[in-house]
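The values are calculated or read from the model by the stated rules, or taken from the named source; none is laboratory data. Model, not experiment: these values are computed from the prediction. Counting neighbours? That spans all protein chains shown, and the Cβs are built from the backbone with ideal geometry, glycine included.
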Amino acid sequence: MPAMSALAPAVFLDRDGTLIEDAGYLDDLKRIALYPATVDALRVLARGGFRLVVITNQSGIALGLFDEPFVTRTHEHMQAQLVAAGAAIDGYYYCPHHPSGRVADFTQVCTCRKPGAGLVQRAAADLQIDLSRSWMIGDRWSDVQVATTAGLAGGILVRTGSGRSAEAKPVDDVTPALIADDIMEAAAWLLRQGR
Ligand SMILES: [Mg+2]
Ligand SMILES: [Zn+2]
């Protein structure tokens, strides 16, 4: 078998408004709420052979609303809930930056803030991911756009979170492969591709 076969496809997942309810700038672990469809969708995708990677902009760090350890704890908390339900995320990647933040260390123009491809590229190197067979799912056009900047197969907009208002305001040059009601509909569609 060729060496390339070691690379797996992935589904890159936005966090707030896609996997969990969008609580604004989430700053309290008690406000983490998985959508009802999230666990089943992740299980279906994992069974379909996709690595599952969270890609999230957390500019609240640059804005001084919470710190990096809080984001790490948030992801540990999410992962514990998922594992207890028989699902799991393979990697969590966040951008802590904002071009006009208040915390000097994180106030910068960066390449990892979505729609930049930096987080996807980091995950692809860490987790042996074939980007050309991978997808991005999110509730904002900046998520869908990652599919283009990172060279993925396509991007999916979900109508949870900000998705309905995004759908009402299409953006030039950003074309989703699918607009789905939620992550489960997106997952079911992805499994039908290539069959
Ligand atoms: Mg979102
Ligand atoms: Zn960044």
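Some notes on this structure:
- Residues that are more than 16 Å from ligand 1 (Cβ to nearest atom) and buried (at least 20 other Cβ atoms within 10 Å of the Cβ), drawn from region 67-95: ALA87
- Where strands (runs of 3 or more DSSP E) fall wholly inside region 96-195, the ranges with 3 or more residues that are buried (at least 18 other Cβ atoms within 10 Å of the Cβ) are 135-138, 154-158.
- Note on region 64-91: among residues that are of a type in the set (Asp, Glu) and farther than 19 Å from LEU13 by Cβ, the one that is nearest to the chain's Cα centre (by Cα) is GLU68.
- The number of residues in region 141-188 being within 16 Å of ligand 2 (Cβ to nearest atom) and of a type outside the set (Ser, Thr, Tyr) comes to 4.
- For ALA62, the requirement of being over 14 Å from ALA187 (Cβ atoms) and at pLDDT below 95 is not met.
- Every condition in (1) within 16 Å of ligand 2 (Cβ to nearest atom); (2) free of Cβ contacts under 8 Å to residues at least 60 places away in the same chain holds for ILE55 except the one numbered (2).
- Out of ASP139, ASP173, sole residue that is of a type in the set (D, E, K, R) and over 12 Å from the mean Cα position of the chain (by Cα): ASP173
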